[in-house]
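Here the structure is laid out as structure tokens; the discussion comes afterwards.
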Amino acid sequence: MDPAYKRVLWTVIALNGAMFVVEMLAGALAGSQALQADALDFLADSVTYGISLAVIGASVRTRAYAALAKGFSLVAMGLWVFGATAWKVLVVGVPAAEIMGAIGLMALAANLASVWLLARYKDGDANVRSVWLCSRNDAIGNVAVMGAAGLVFATGSGWPDLIVAAGMAALFLTSAWQICRQALAETRAARAA
């Protein structure tokens, strides 16, 4: 594996870890489920990048099992966000759109930097692919959070925030499916070899 890939992973771990803290605090302050869902995605990405770093150079089977673990963690996170969003629907409050928009813009910048750094490494085994998908999901999520912030501001309703949080949960689950499917295929191929 290219030593530059390790440096890129350390850089995106730092970016994502910092944004997890910023977004979780801002999400609590703003009362935004979408910001908190995006913060969890930052945390998951930090863990994903760390696992990817740990298994560099390991066997195909080990890397595939690591990717499966990452896929299952995305499933758990997606289900948690769906559950938290359903709970929030019962006690709907209007989040602070200004905080959502400002933090969403900051998170988008961090994610675009990560995507740009990882672009050279987007193809590969399930482990490498999971890194790319997590970064891509974050950038998509940030654009969605900023859109939700604009709609919350325009409508005075918390529903756009909840809809975006649910959409992000669905994105986590579809990415988990892609990662797990590729990892299982790689595991079967390693057993057959």
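Here, each number is a calculation from the coordinates, and none is a lab measurement. Keep in mind it's a predicted model, so treat the numbers as computed, not measured. When we count neighbours, we look across all protein chains shown, and the Cβ atoms used for this are built from the backbone with ideal geometry, even at glycine.
Rounded to the nearest Hz, the phi-derived 3J(HN,Hα) couplings of segment 152-159 under the Karplus curve 6.51 cos²θ - 1.76 cosθ + 1.60 (θ = phi - 60°) are 4, 5, 6, 9, x, 10, x, 4, where x marks glycine and proline. Packing here is the average count of other Cβ atoms within 10 Å per residue, and on that basis the peptides 7-14, 26-33, highest first, run 26-33, 7-14.
Relative to the dominant Cα principal axis of the chain, helix 97-118 is inclined by about 20°. Taking 0.36 nm per residue of separation and subtracting the current Cα-Cα distance, fully stretching the chain between Ala185 and Ala109 would add 23.9 nm. Which value in nm describes the separation of the simple spin-label points at Ile56 and Ala193, placed 7 Å from the Cα toward the beta carbon? It works out to 2.0 nm between the two label points.
Modelled spin labels at Ile140 and Asp125, positioned 7 Å past Cα toward Cβ, are 2.5 nm from each other.
Converting phi to 3J(HN,Hα) with the Karplus coefficients 6.51, -1.76 and 1.60 and the offset θ = phi - 60°, segment 60-74 yields 4, 4, 4, 5, 5, 5, 5, 5, 4, 4, 5, x, 5, 5, 5 Hz in sequence order, with x at every glycine or proline.
Hey, rough spin-label estimate for Thr155 and Phe72, points 7 angstrom out along Cα→Cβ, what's it come to in nanometres? Inter-label distance under the simple model: 3.8 nm.
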